[in-house]
Amino acid sequence: NSTQALLNLKKIRQEVDDWLSMILVIAPTTSALNIMTERLLILDYLNSDSNLKNRLFNDFKICLKNYTGHHKKLSYTYKNTIYNIEYRQIITIEKEIETKRCLINTDHGTYYTTDTLNNLLEKLDSRFLKCYRSLIINLEQIESYNLKTNTITFKNKETTFLVSRDKKKDIINYLREIN
């Protein structure tokens, strides 16, 4: 049914955090309005009234042309091992105290690198912010920001209070834009 299909599409986009996969919906005309109003980045909506075979063929050509199959990744080498960590999995990157290493905290573990925070920040995209001299955060991983205590809570329930006065405004603006 169309309600279940809509829930599945939302799960793919929001819970699994997959905004890259292209989705084609083949369903009766009555389902189109509900699905298309959810802003789930659907490539096409097909129903039995349309020229289904030709539209489907053209949609598959678009999918194949645009398919990369990969999320953006941070690639680096540490102790003769090459690492590729998806940006979306990185929560924070912090300078380890009294060493030359940085800790890359992800939703599935911690990794080390000898790159500096500034070098790492150059490799990353706009979802990352150096919010303190020893910390880079993934803005997409923020669940909440308490202005009174200056505490960021991430989706994995870890917290940090390392936010410089200069970067507070950037975090607030980012969170207001996505809400």
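Here are some notes:
- Candidate set from the stretch 84-98 (those that are in a strand (DSSP E or B) and open to solvent by less than 60 Å² (accessible area, probe 1.4 Å)); member that is modelled with the lowest pLDDT: E86
- Qualifying residues in the stretch 68-83 (those that are open to solvent by 90 Å² or more (accessible area, probe 1.4 Å) and at pLDDT below 90) - the one farthest from N119 (Cα to Cα): T68
- Taking every residue in the stretch 71-92 that is of a type in the set (G, A, S) and pairing it with any residue that is open to solvent by 50 Å² or more (accessible area, probe 1.4 Å) and assigned to a strand (DSSP E or B), at least 6 positions away or on another chain, the pairs with Cβ-Cβ distances below 9 Å are S75/I82; S75/Y83; S75/N84.
- Subset of the stretch 123-141 [assigned to a helix (DSSP H, G or I) and closer than 22 Å to V16 by Cβ]: L139, E140, Q141
- Among (1) open to solvent by less than 60 Å² (accessible area, probe 1.4 Å); (2) outside any strand (DSSP E or B); (3) closer than 24 Å to E15 by Cβ, the one test that I104 misses: (2)
- The criterion of being under 11 Å from I91 (Cα atoms), out of contact with any Asp or Glu (no Cβ under 9 Å at 6 or more places or on another chain) and not hydrophobic (A, V, I, L, M, F, W, C) holds for N138.
- Extreme residue, farthest from the chain's Cα centre (by Cα), among residues of the stretch 120-162 that are open to solvent by 70 Å² or more (accessible area, probe 1.4 Å) and within 29 Å of N80 (Cβ to Cβ): E122
- Taking residues in the stretch 1-21 that are under 24 Å from K155 (Cα atoms) and surrounded by 13 or more Cβ atoms within 10 Å (Cβ to Cβ), and partners anywhere that are at pLDDT 70 or above and small (G, A, S), not one pair has Cβ atoms closer than 6 Å while being at least 6 places apart or on different chains.
The values are calculated or read from the model by the stated rules, or taken from the named source; none is laboratory data. Keep in mind the model is a prediction, meaning the values are calculated, not measured. Cβ coordinates were reconstructed from backbone atoms using ideal geometry, including for glycine residues, and neighbour counts include every protein chain displayed. Accessible surface areas use protein heavy atoms only, side chains included; no ligands, DNA or RNA. Shrake-Rupley method; radii C 1.70, N 1.55, O 1.52, S 1.80 Å.
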